[in-house]
Every structure is written in C-alpha cells, then in structure tokens.
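A.B. asks: This is the structure I have questions about; it appears just below.
The values are calculated or read from the model by the stated rules, or taken from the named source; none is laboratory data. None of these values were measured; they are calculated from a predicted model. Note that we place each Cβ from the backbone using ideal geometry, even for glycine, and neighbour counts take in every protein chain shown. Side chains are part of the model used for accessible areas, which takes the heavy atoms of the whole protein and leaves out ligands, DNA and RNA. Shrake-Rupley method; radii C 1.70, N 1.55, O 1.52, S 1.80 Å.
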Amino acid sequence: MDGSAAELEAAERVVMRWDSASAGAGADEPMLFDGGGDRAEADRFLRAVDDLRRLAPPSPAAVGSPRRLSSSSAAGSSAVQVAMARLEDEFRHVLSSRALDLEIEALADLSSLSINSDRSNSASSADLPAAAAADEDDSVSSSIGRRSTAYRSLRSIREIDLLPDDAVADLRAIASRMAAAGYGRECAQVYASVHKPAVDASLRRLGVERLSIGDVQRLEWDALEAKIRRWIRAARAAVRGVFASERRLCFHIFHDLPISSATISAASAPATHDTPFAEAVKGAALQLFGFAEAISIGRRSPEKLFKIIDLHDALSDLLPDVSDIFAASKVAESIYVQAVEIRSRLADAVRGILSEFENAVLRDPPKTAVPGGTIHPLTRYVMNYSSLICDYKVTLSELIISRPSASARLSAEGNELVPSLADLELPELENQLPLASHIVWIIVVLEHNLEGKAALYKDPALSHLFMMNNVHYIVHKVKDSPDLWGMIGDDYLKRLTGKFTVAATNYQRTSWLKILNCLRDEGLHVSGGFSSGISKSALRERFKSFNAAFEDAHRVQSGWCVPDNQLREELRISIAEKLLPAYRSFLGRFRHHIENGKYPELYIKYSVEDLEIAVGDFFEGVPPSPHNRRRSHG
C-alpha cells in the first residue's frame, strides 16, 4: 500500500468512528466541538476531512445527497458523506448550544442608538471575532482568534457577540470544509434553520408583534399611536443590533466561501456569504417593515400626521444602516428596496394628511354658537396643530414642496357649506417656503370658517366679541411660537392684528354706542329758552333709558366670556374710559334737576363708583353677582 492509500485509509478510519448514522445519534451523543475539554480529537477529525478531500474528492453524484444516512446505507456511503453529515451535526450543535444570551434590554436602550448618533462601536473592527477562511491544513487551534480585516463595522451600529470567539472559529472551520466539499448550501441551510427562530424571538422580545396589514388598520388610534412609539424603538434595536449582529456573524463564518450547492445550475446566480444571513433575517425584516407599510397605506386623518412623521423620520434615519446591512446582498436587497418604498409612501401620506387637514378646517360646518362668544374649540385645535407643524418643520419643509392651490380647495368636496369661498385669497409673501404658505392658508381658512360661525350669534356685539376673542388667540399663539411667527412672517401677523383691532372696535361701537348716546345733551332742551330750557320729563326718560340699557348690558355681557385675562382687563378699562367720564359729566350737569323733583332715586340709580364696580363683572362668563352699590339717594 502506497503512502497516499495509507493516508486515505487512516483518514477514513478517523471519520467513520464519528459516523452518527451507524452509531445511532442520540441526546447523549458525544460531540467534537463541545466548547471545552480536549480539542485534539476535533483537530484530528478536521485533518482527516482535509485528507479525504485532497486524496479522494467526492463524485458529483454524491454531492448534495441527504445529510442523514440510515443505518443500512451507512456502510456503503462514502467517508466524505459521513464526514459532511457529522460536520452538519456539529455545526448545528455549536450554533444551538454555545449561543450567548442576547441582552435585548441593553440593546433596546436607545441612548446608544439614538437618531443621527455619532457614537461608534465600543469595539473597533480589529476587535471583532472572526475566523479567517481555513486552508486545507488549518486546525481548530490555528483558526481561533484570527480576525478578518475585510469586515467593516457600521456607524450607529451596536453589534452584539451572538457566539463566543472560539465558537465562531469552530463554525468557520466547519463551514470552510463543507463548502470546499460542495456542501456549502446545506451548511447555510442549517445556519438559517437555527438562527431564523432566534431572530424571530429577538424581535418578539423587542415588542415587534406579528400583525397583518388588516390587523394594523383595524386598531383604534390610541392603541396604534402607542404601537408606533414601540415600533420606532424596536426598529432601531432590530436593525442596528439584531440584524447587524447577524450580518457580522454570517460574514465571519461564510465570507469568501463557495456556499452554493453543485446541484445549482451554472445559469443560476451563485449564492454568497449573504445567503444564510438573508434566509435568517428576511422573514423578521419583512414583518418589521410590514407594520410601517400598513401605516403608510392606512386611512389618512389629521391626528395621525405627527406620528407618521415620527415614523418617516425614524425610517429615514435607519435607511443608511438598512442599505449597508441589506443592499449589498443580492438576496436581501429587496428589504432595502421595500424600506425605501415605505418611506416614500409615508411621505405621500404626510402630504395627503396636511391637505386633508386644510379641507377639514374649511368644511367644519357652523352648528351651534359657542356660549358667551369664547374661543371656539376649532381655533384652539387648529392653532395647536399649526404650532406642532412648526415643531416638525425640518421634515415637513423637505416633504412639502408645492404651495397650496386655492382653486383646488374651492373645488374640494363639501365646500358648498361655505359658498363665499371665492373671496378667499392666499397672501403672496416674498421668499415664502411652500410649508409656510400652507400654514398661512390654514389660518386663512380658519378665519373664513370663524366668520361663518360668528354669523350664528343673533347679537351683533357678541358676534364681534367672538371674532375678537378668536383672532386674539390666533395672534398670541403666533407670537408665543417663534417658529410659527417666523413661518407666517411679520406682514401677515400685522394683518391678523389689524383684524383683531377691527373686531374689538366693532364690538365697542355696536355694544356701547346706544348706551353712550343716552348721556348726550341732544333732545333735553326745551325750545324757546336756553337758561331754564331743560325738559325734566325728557331728562327722566334719558336716565331711565340709560339705566335700562346699562342693566341689560351688565346682565347679558357678564355672561359673555373673554378667557384671556389681560384682554379681559384691557377691554374693561377701555369701556370704563368711555363710560365713566361720560356718566360723570352727564350726572354733574343734570343731577340737580332730578334731585329737586320727586323720587330722584328712581332715575339716578347708580353712582360713578357703582358703574365702575359693575364693569368689573363683564366678560366673566357667569351671571352677575349682586353688588352693595352706594346709592345716590338712600
């Protein structure tokens, strides 16, 4: 027997001692790569596999045969097939038994995975565990600790060791022998069969639920909003932690190995080291991004806008990492393509929701007038919404690229409720961003809608008070938000302030002109004599008219509401500055004519101080409380 034949026979004896099929594999079956103890037998087995491949390469018919050999077929099987079956068992055993506990709680700590994080990995690429491709005579011990300089660790990524370094080296050593013998595909399938459930379990621990598009779209908004928050957190951890760690592990085990089976035709695309990675994570990735996809195609309503922007921003922030992790792989690039398409649909949803919000403001129908002419809930909602829009102005300025079209708004369904829309104009402001134009348009249509609601009041003074309250609220919301103010600009703010001034002036004129006219001299003089020509009867009627008009105003307007404390006080002062001097002057000129007659207390019912106290009751939104007024005549 020549030397080569002796070497081959010796190698076959080593391999056949570890024939799992003929020995009857069981739970207590000893394993070569058990993570500890004497590694000499593992070294010996790998050298025997190398010798078999060198001295007796398998025939094409043998490659790709079943890994499990029955007892009856074991004797006739080639030593190479036995070796591959044993290595497959060992590969599965190392993957399953030596996996490290994935610290999901630490992984989900987003302080290290925050948006636009510049933080690098705690370990450099030189510190990452990898076993270089084993040559034919590599031993386990020579593989352990070797690093691949080709692997690039990504920014913002927090890769986790899924297996200890020596286990990665063992897997690399096994995979290199299986791939060299034409069993790389089987090796990759074993990897996927073990790690796909592990990846799925990791996503479940991160809170990623298995929900269909229908499941997502049937959720109430409160529940969906909470799930979006959890998804954003989980997606960052999944992409930058779980998927990145799988990518690194697969690279260190399979890179540069011919893992496609010889049974694959030459015309087929060859598998690469990304194949086991794609097979392990693709299902979980599709499930993860499927949630965002369901949101992107769901019903569009204004309350969803800001969470959808959050979702869009989170996905945008992740896309560079998704690209690096998935796009370089032919078999996994569809995941990156899907993520890009979902982001595009989320952007469309944002634009659609903003347009829908504008139309909702425009169409909100006049129903019942709010009591007391106070700030309408629509005004509060729209202005708070507009302030939030400005909080998201960075993203929205990128997504909103066209100005609102007034003609499109005029033809919007349902706008027959407000037939005067043709009067609406969108102010043309120089160098205004499209987003700013949308915000101005929102306020324009809000003003228009409020005018329709103001018409519900039967009292013209209350109608003006309502407009004054609401435009004042709009102005102050703009002034309280530098971003909102910057968006609409000084010119449009001046226009709003002017509208407030007009409403306040109209309120005072409508409400108080009749009362102040009671304190004028006209109509009190008797023709024919000036010095004593005061008609006492006319004067009594004038006092009675004033008392009745003021009491009616006091009774009614104490129930009206000016919620802004400063505005309420300024309005009272303005009324007092007109009313009290006029009453004091009228009383000073004519009170002696009344006091010299019968029952003066029936006509001079109030002192100036009484009126001043009574004005303090106005605009509280509650019925007036009785005052112990000082009467001019007790």
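A.B. asks: Mind checking which residues of the range 457-472 are in contact with a helix residue (DSSP H, G or I) (Cβ under 8 Å, 6 or more places away or on another chain) and open to solvent by 10 Å² or more (accessible area, probe 1.4 Å)?
C.D. replies: Within the range 457-472, 457, 459, 460, 462, 463, 464, 467, 472 qualify.
A.B. asks: Consider residue 221 carefully, then state whether it is within 33 Å of the chain's Cα centre (by Cα), open to solvent by less than 20 Å² (accessible area, probe 1.4 Å), under 25 Å from residue 318 (Cα atoms) and of a type in the set (Phe, Trp, Tyr).
C.D. replies: When the stated conditions are applied, residue 221 does not pass them.
A.B. asks: Mind listing whichever residues of the range 151-168 are of a type in the set (S, T, N, Q) and either under 19 Å from residue 256 (Cβ atoms) or at pLDDT 85 or above (or both)?
C.D. replies: 153
A.B. asks: Residue 329: among the polar types (S, T, N, Q) and either free of Cβ contacts under 8 Å to residues at least 40 places away in the same chain or open to solvent by 60 Å² or more (accessible area, probe 1.4 Å) (or both), yes or no?
C.D. replies: In short, no.
A.B. asks: Moving on to the next point. Of all residues being assigned to a loop (DSSP other than H, G, I, E, B) and in contact (Cβ under 8 Å) with a residue 40 or more places away in the chain in the range 605-619, which is surrounded by the most Cβ atoms within 10 Å (Cβ to Cβ)? Just the residue, please.
C.D. replies: Per the criteria, the residue is 619.
A.B. asks: Look at residue 361 and say whether it is at pLDDT below 95 and surrounded by 20 or more Cβ atoms within 10 Å (Cβ to Cβ).
C.D. replies: yes
A.B. asks: Can you go through 328, 339 and tell me which one is within 18 Å of the chain's Cα centre (by Cα) and farther than 30 Å from residue 437 by Cβ?
C.D. replies: Within the list 328, 339, the selection yields 339.
A.B. asks: Can you pull out every residue in the range 404-458 that is at pLDDT 75 or above, within 16 Å of residue 496 (Cβ to Cβ), over 32 Å from the mean Cα position of the chain (by Cα) and of a type outside the set (Asp, Glu)?
C.D. replies: Correct list: 454 only.
A.B. asks: Out of all the residues in the range 364-372, is one or more in contact (Cβ under 8 Å) with a residue 40 or more places away in the chain and open to solvent by less than 10 Å² (accessible area, probe 1.4 Å)?
C.D. replies: No, every residue in the range 364-372 fails to be in contact (Cβ under 8 Å) with a residue 40 or more places away in the chain and open to solvent by less than 10 Å² (accessible area, probe 1.4 Å).
A.B. asks: Right, next: Quick one: how many residues across the range 156-176 are β-branched (Val, Ile, Thr), surrounded by 24 or more Cβ atoms within 10 Å (Cβ to Cβ) and under 17 Å from residue 100 (Cα atoms)?
C.D. replies: Number of matching residues: 1.
A.B. asks: Determine, yes or no, whether residue 550 is part of a helix (DSSP H, G or I), among the aromatic types (Phe, Trp, Tyr), open to solvent by less than 60 Å² (accessible area, probe 1.4 Å) and at pLDDT 90 or above.
C.D. replies: Here the answer is yes, as residue 550 does meet what is asked.
A.B. asks: Mind counting the residues in the range 553-604 that are open to solvent by 10 Å² or more (accessible area, probe 1.4 Å) and not in a helix (DSSP H, G or I)?
C.D. replies: Residues in the range 553-604 being open to solvent by 10 Å² or more (accessible area, probe 1.4 Å) and not in a helix (DSSP H, G or I): 10 in total.
A.B. asks: From the set of residues in the range 524-543 that are modelled with pLDDT of 70 or more and either in contact with a Lys or Arg (Cβ under 9 Å, 6 or more places away or on another chain) or among the aromatic types (Phe, Trp, Tyr) (or both), which is most open to solvent (accessible area, probe 1.4 Å)?
C.D. replies: Filtering the range 524-543 for residues that are modelled with pLDDT of 70 or more and either in contact with a Lys or Arg (Cβ under 9 Å, 6 or more places away or on another chain) or among the aromatic types (Phe, Trp, Tyr) (or both), the one most open to solvent (accessible area, probe 1.4 Å) comes out as 542.
A.B. asks: Being in contact with a Pro (Cβ under 8 Å, 6 or more places away or on another chain) and either part of a helix (DSSP H, G or I) or among the small types (Gly, Ala, Ser) (or both) is the filter here, so list the residues in the range 356-394 that pass it.
C.D. replies: 356, 357, 358, 360, 385
A.B. asks: Being surrounded by fewer than 20 Cβ atoms within 10 Å (Cβ to Cβ) and closer than 14 Å to residue 312 by Cα is the filter here; which residues of the range 229-241 pass it?
C.D. replies: 229, 233
A.B. asks: Then there's this: If you check every pair at least six apart or on different chains, which have Cβ atoms under 8 Å apart with a residue in the range 460-481 that is within 18 Å of residue 385 (Cβ to Cβ) first and a residue that is of a type in the set (Lys, Arg) and in a helix (DSSP H, G or I) second?
C.D. replies: These pairs meet every condition: 471/499; 473/380.
A.B. asks: If you don't mind, another one. Being free of Cβ contacts under 8 Å to residues at least 12 places away in the same chain and of a type in the set (S, T, N, Q) is the requirement here; does residue 517 meet it?
C.D. replies: So residue 517 passes the test.
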